[in-house]
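These notes concern the structure reproduced below.
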Ligand SMILES: [Ca+2]
């Protein structure tokens, strides 16, 4: 067993980041991921309400323990299920963002999580935080944009293994979808579903940019101050107007939450053709610090 090596299995990724350990060389491992998806289950709470259209990625994390992540957030919701070993999480509500200095690209903080420099990161002194300890058999929901840092410990069998699912943030739970589907099984294999949430993540970004969580509609006057965090390019005023026009389906110069939901996914992708799904931010290993941030 390799000490403290984290093996990450996910559809479409390569193993470049751990090739230095001599485990694999630039190998794609889709076949392995397909096996994985057939063997792992989507829990009942995700089987209706809209989540099935929002699935973005499923990842298996496998190590011999002793791994830790940086303090970071993901722009997607996350359910992590632990099969072996234990995990300890430090989590901070997204509304406390003023306390957390995200000073690295990829939504993570450069703070040394084991030796916190309170001169450099003074906000961490006062930030309210939650602690969660996961044991094998536990699943934990990590809300999108919540800051978190994870450390993993091996079981007696010297293993730590977890699978997580990222899905775009669902602003509205579709109760009718649940009524339509009727009785649901306790779980379904992940291989049954497609991970195609890119367009839904664009929708999620737009809802957030328009602050439609707090209000029902926006007008063109509101556009000036909006910023599009997560957009693959700088969104200038001209492009904001283009976006507005696409979303204003009934052309009454107001964009409502309903309209953002009605816009077909292909139009969303046309607006942001280079939009890359927000994956394991701060989770991939960094060459400078190979054991630094290697978890979700
Ligand atoms: Ca409208």
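Observations, loosely collected:
- Checked against (1) at pLDDT below 85; (2) crowded, with 22+ Cβ neighbours inside 10 Å, residue 53 meets all criteria but (2).
- One residue alone among 125, 115, 95, 158 is surrounded by fewer than 18 Cβ atoms within 10 Å (Cβ to Cβ) and within 22 Å of the chain's Cα centre (by Cα), and that residue is 95.
- Within the range 94-111, tally of residues that are within 20 Å of residue 229 (Cα to Cα), free of Cβ contacts under 8 Å to residues at least 60 places away in the same chain and assigned to a loop (DSSP other than H, G, I, E, B): 7
- Test: residue in the range 227-237 that is in contact with a strand residue (DSSP E or B) (Cβ under 8 Å, 6 or more places away or on another chain) and either more than 16 Å from the ligand (Cβ to nearest atom) or assigned to a loop (DSSP other than H, G, I, E, B) (or both): no
- Within the range 245-263, the residues that satisfy the criterion of being more than 8 Å from the ligand (Cβ to nearest atom) and part of a helix (DSSP H, G or I) are 245, 246, 257, 258, 260, 261, 262.
- Residues of the range 264-296 satisfying the condition of being in a loop (DSSP other than H, G, I, E, B), under 30 Å from residue 147 (Cβ atoms) and modelled with pLDDT of 85 or more: 272
- Residue among 70, 76 that alone is touching a helix residue (DSSP H, G or I) at 6+ places or on another chain (Cβ under 9 Å) and either under 14 Å from residue 132 (Cα atoms) or buried (at least 17 other Cβ atoms within 10 Å of the Cβ) (or both): 76
- Hey, residue 177 at pLDDT 90 or above, under 30 Å from residue 38 (Cα atoms), away from the ligand (no atom under 16 Å from the Cβ) and touching a helix residue (DSSP H, G or I) at 6+ places or on another chain (Cβ under 7 Å) or not: no
- The C-beta contact set for the range 249-269 (first residue assigned by TED's automatic domain parsing to the domain that holds residue 215 and without any contact (Cβ under 8 Å) to a residue 40 or more places away in the chain, second residue surrounded by 14 or more Cβ atoms within 10 Å (Cβ to Cβ) and assigned to a helix (DSSP H, G or I), distance under 7 angstrom, 6+ apart or interchain) comprises 249/259; 253/220; 259/247; 267/246.
- If you go through the range 181-215 and keep only what is without any contact (Cβ under 8 Å) to a residue 60 or more places away in the chain and exposed (fewer than 10 other Cβ atoms within 10 Å of the Cβ), you end up with 182, 183, 214.
The values are calculated or read from the model by the stated rules, or taken from the named source; none is laboratory data. Just so you know, these numbers come straight off a predicted model, no measurement behind them. Glycine also receives a Cβ, built like all others from the backbone with ideal geometry; neighbour counts cover every protein chain displayed.
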